[in-house]
Structures are given as C-alpha cells and as structure tokens.
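Read through the structure below, which is laid out as structure tokens, and then see the notes.
The values are calculated or read from the model by the stated rules, or taken from the named source; none is laboratory data. What you see is a predicted model, and the numbers here were worked out from it, not measured in a lab. Cβ: placed from backbone, ideal geometry, glycine included. Neighbour counts: every protein chain shown.
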Amino acid sequence: DIQMTQSPTSLAASVGESVTITCLASEDIYGSLVWYQQKPGKSPQLLIYGATILEDGIPSRFSGSGSDTQYSLKINSLQPEDFASYYCQNGLSTPYTFGAGTKLELK
Amino acid sequence: QVQLQQSGAELVKPGSSVKISCKASGYTFTSYDMHWIKQQPGNGLEWIGWIYPGNGNTKYNQKFNGKATLTADKSSSTAYMQLSSLTSEDSAVYFCARSRDYGYTHYFDYWGQGVMVTVSS
C-alpha cells in the first residue's frame, strides 16, 4: 500500500497569512494527488485533484503543486472559513490511502 | 445537482451486522463508481472499497475483506454497505462518495453526509 505522510499535524495561523501543507508519498504517484478540506461534523470537500487542478467553485487562494513523491497545498491570504482539517489522498492505485490530516487552527 | 443521501445513525450490538444506504440523485447512478470510506472519531480517512452500479463489480481494500459487502440497486439508485461481525473497532462514521477520474487520478467529488455507526452492548 502507498503510505501518505502529511505534515505538519497541526498548524496555527492568523487571518490573512499564507500556509503550506506537505504530503509525502511512499512511492511515485505520478501526480495523482488529491486534497480535501473537512470541517467538524461535515464530510470532506474536494479542493484539488491531479496535484494542481482546482475543483470548480474552490477559491483561487488554494493551490497545489508537486510531483513524484512530494506534494504541497498552499493557502494564500487565509480566510476565517479556511480553518479546518486538510487531507491528502493517493489517487493512483488501490487501496486509495489518505494522509493523517493537518488541522489548521486560528492563532 | 448531485446529492448522496445516507441513512441515519445506527446503534448496534457487538457481533451483529448493519446495512447502511446511500441514495444518489442528480446524475446517472450507473455511470460512476461509488466508494465507501471510514472515519473513526478524531482519526483520518480509510478507504473501504468501491462498487460500479452499472454491472455490480466491486473492489475492496484487503483490510475490509469479509467485513464489508457492497451492493447497489439500480432501480432506486441506492448503494448499500453491509458490515458484519461488528466490534468496537467498527464504531466510526461511514461515508459514501462518488468518484471521477482525471488521467490516472481517481478522486471523490461528491460525498454523502456520513453515517455514525456505534457498536455497543
């Protein structure tokens, strides 16, 4: 199985700041990396797929980058609604595996 | 618009089984894989398996072989997951999610609201 290692586990930031979350795959996933946002008590919401493609309706302050085994999610100019948990997902092969998550909290 | 409406919370006894549902609307049910994902309280996400409602084909995470059984009813556009021989380790929220492909990337674009399953005597 492909292991997905996310960092940091938690992150505190202020409104207006920029943050970056990273995801390391245990093997090359050829850009098949997906990012989700999850708020407490809600289901995950798709943000980015194919490492860099922004899902329709997702604000442009979210961006994804990376290749091979290393990927990142950047959020520019944090808004109050961005404080949530974020998960990466191996979208290449089954079993589809997720990172353990990054909880973004308000400083 | 696409909606996945899941059944309500379940409180079940150890050793029993439970069947939860996911009713799809707003798209052609038989044209997309339906996946199931587990989330234990405070924990991350774990992929259970998928079913293709068009022909009933399934694929499971080996970890859930014998634990989860996926089925689909085309007439009602509803996917089901049965969990058997329940233990406390099965207490979790279970999501259904539709998948799409982009090149080699399989991703989940719509999710149900989740079903909380609590296993307790």
Out of A:Thr94, A:Thr102, A:Thr69, sole residue that is buried (at least 20 other Cβ atoms within 10 Å of the Cβ) and over 12 Å from A:Val34 (Cβ atoms): A:Thr102
Scan the stretch A:72-82 and tell me whether some residue there is charged (D, E, K, R), in contact (Cβ under 8 Å) with a residue 12 or more places away in the chain and assigned to a loop (DSSP other than H, G, I, E, B). no
B:Asn65 fails exactly one of the following numbered conditions: (1) surrounded by 14 or more Cβ atoms within 10 Å (Cβ to Cβ); (2) out of contact with any Ser or Thr (no Cβ under 8 Å at 6 or more places or on another chain). What is the number of that condition? (1)
Under 6 Å between Cβ atoms, at least 6 apart or on separate chains: pull out the pairs that start in the stretch A:38-52 with a residue that is in contact (Cβ under 8 Å) with a residue 12 or more places away in the chain and within 9 Å of chain B (Cβ to nearest Cβ) and end on any residue that is in a loop (DSSP other than H, G, I, E, B) and acidic (Asp, Glu). A:Leu46/A:Glu55
Find the residue count for the stretch B:22-42, including only residues that are over 16 Å from B:Tyr110 (Cβ atoms) and touching a residue at least 40 places away in the same chain (Cβ under 8 Å). 4
Considering only the stretch A:46-60, I want to know if a residue exists there that is surrounded by fewer than 18 Cβ atoms within 10 Å (Cβ to Cβ), modelled with pLDDT of 95 or more, farther than 20 Å from B:Arg100 by Cα and not aliphatic (A, V, I, L, M). yes
Considering only the stretch B:65-74, I want to know if a residue exists there that is farther than 27 Å from A:Gln37 by Cβ, of a type in the set (Gly, Ala, Ser) and touching a residue at least 24 places away in the same chain (Cβ under 8 Å). yes
Evaluation of B:Lys59 against (1) free of Cβ contacts under 8 Å to residues at least 40 places away in the same chain; (2) at the interface with chain A (Cβ under 10 Å from one of its Cβ atoms); (3) buried (at least 20 other Cβ atoms within 10 Å of the Cβ) (one fails), failing number: (3)
Any residue that is of a type in the set (A, V, I, L, M), outside any loop (DSSP other than H, G, I, E, B) and either within 20 Å of B:Val2 (Cα to Cα) or out of contact with any Leu (no Cβ under 9 Å at 6 or more places or on another chain) (or both) - is there at least one of those in the stretch A:52-63? yes
What residue, among those in the stretch B:85-121 that are among the aromatic types (Phe, Trp, Tyr) and part of a strand (DSSP E or B), is surrounded by the fewest Cβ atoms within 10 Å (Cβ to Cβ)? B:Tyr102
